[in-house]
Structure formats: C-alpha cells, structure tokens
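Single-structure report; data block below.
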Amino acid sequence: MRKNIVNNIYQLLIPKILRYLFTYFKNKKFREKIKSKKNNHTSVVPYLKDSYLLLEKGSFQDKKFVDHNFEYEQVIQDLMKLLVKPEDCIIDIGANHGLHTILLSKLAKNGTVFAIEPDKNSREKLNINLQLSGCTNVKVVNTAIGIKNKKLAFYTSKTRGQFDGNNSIYKESLLSMGVEDLNIKKEIVNVISLDSFVYKNKLKPNFIKMDIEGSEYDAFLGMKKTIKKYSPLLIFEFNSFYLKKSKRIEMNDILSPYYELRLVDVSEKLEYPKSHNYVNAKYFSLEKVDMRYSNVSSHIICIPKAKYESLVTN
C-alpha cells in the first residue's frame, strides 16, 4: 500500500519537476534579463489547480493576484468552465500573458487553443506560462486581429510588464492609465482578419475570447463570415471609451441577428460572491444589454440564439 502511494507521488511530481527545470533553463536568459532591472524580480507561483505562472514584481499580473487572492476575472473563468467543451476549437484574441489561455487549454483538453498576441514581450511571458503549465494544445500566433490583412502601428509601454494589459493600436489606452508619451513605444505589427485566419487554418471555432483594448470594432468587421457561418460563443471586453454611437450600432447589427447579448460584470462576484445566478450555472439569466445605448465599459457574453432558447425552455 505504502509502495503504491510512493509510486503515485513520484508519478505526479517527477513530470512537474522535469517540466519546471526544462522551462527554467530554456528561459534562463529571459529571466536574467528581467532580474537585471532595478527593483524587479520574478517568481513562479501556483495558478489554478495544476498550473504555474512566472510573475514579475510590479506587473499588472502581480498587483491583480495580490489584490484578488491569486484569482483573475473569476466570473469570466466561471463562465468558461460552464461553456467550454473538451473537444472545442478556441480562439483567444489578445492572449497577453495567458491567464485565460491556460484555463481554456485545460478545459479544451482534446481541442486546440489559438492564442493571438501581437506584442513580443507579452508573447515571451505567454510562452513561459504555457510551458510551466504543460499547455501543449496551444498555438501562439504572432498577429493582431482587425478588418483586413495589413500592417499597423501598435503601442506598448516602455515600463516592462506594468501596463501590458493596456497594449493597443490606440495610444490612448496607455495615456488613459497615466503613461507619459515619452514612455510609450510604437512597433509595427501584422494584422489579419479573423475570417482570413479561420479560412486559412480551416477552423470551425466553438468559442472566442477577445480582450483587445478598443480594437473590438475593427475585429468584428473582420469576422462577419465567421459569426454568420459558425456563431461561436463569444466573450469580449466592450470598451465604450473608443466607440462612438455609430460604431456601437454597427457592432450591435453584426451580433444581434445571431446572439443573445448579456452583460458580465467582473467585479460582481468579488463583491457579492453568493448572490448572483450564474454562480449556480444559470448564465442565461445575466442582464440583457443593448450595445447601441450602452456607455459603460464591460464584458459581454454572446450566446447563440438557438443555444439560448434551448437553455431557457429546458
């Protein structure tokens, strides 16, 4: 009996230890580059049940994890746990450091996750976190998503890590966070429409998560065919700061024929952890939202109408 327990422990621990050592030495240069900066250090911390993250002191991840007990956008992740199936094809647009990508990889364990991230620094951290967490079904894609295939200016902060969550094709995304113009750098990135990406890779997407700091309008214009043909479940951040009413109306016109649009407030569960219906897996009871008249930034879940109707009737 004791021998079996010891064997089980070794079977669980050895792969994790080997994976960690492999990742550590593979990314040693990157880690040392971070450590060489004044007042900065990195650490590997547990994440979810069987994953790990490389955290950099002062990064947006570091602050969010400290503030929220090593949880990230828990309401969004609870919805993902309800919606994502093991065989799903998933597209994570704006994967950043991979906090949602890792969970999506675990949920779609027999499927594939395409993690789209145009920023080099964020991709480095994304790749490390995926390796640490054993996410072998994720394909990292170096591009941005937009209306059509082209090259475009992309703005990031020179302060490494601290404002990675605000990288955008809009400089205002960083300026609004207090980043001075002198501390913002511009790089040219490749852009592809999601319709082209789906067609080129012969995909049938089941689920799309999108968080791209104001580029939602361009992205939706470039995914009309995908929405019409496949109507994948969608969760995206809605940034009204960048969207005039005419753009909100057009986005609503793209989505409303195929989806029920529901509001997701990522702060609600933190404030009232037992009071909301979606905690009990009734995600169809989220408050309905009309983007044409919405002036607040929020997350929106788009549920295909056929699926929504079956959930309600059942």
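The criterion of at least 1 residues that are modelled with pLDDT of 95 or more and among the hydrophobic types (A, V, I, L, M, F, W, C) is met by the following helices (runs of 4 or more DSSP H) wholly inside the stretch 33-129: 99-107. Residues in the stretch 81-100 that are open to solvent by less than 10 Å² (accessible area, probe 1.4 Å), under 15 Å from residue 205 (Cβ atoms) and not aliphatic (A, V, I, L, M): 92 alone.
Taken together, the criteria place residue 224 among residues that are among the basic types (Lys, Arg) and modelled with pLDDT of 95 or more. Farther than 21 Å from residue 104 by Cβ, modelled with pLDDT under 90 and outside any helix (DSSP H, G or I): is that true of residue 270 in this structure? No.
The values are calculated or read from the model by the stated rules, or taken from the named source; none is laboratory data. Everything numeric here is computed off the predicted structure, so don't read it as measured data. Heads up, the Cβs are rebuilt from the backbone with ideal geometry, glycines too, and the neighbour counts pull from every protein chain shown. Accessible surface is based on the protein model in full, side chains and every heavy atom, while ligands, DNA and RNA are left aside. Shrake-Rupley method; radii C 1.70, N 1.55, O 1.52, S 1.80 Å.
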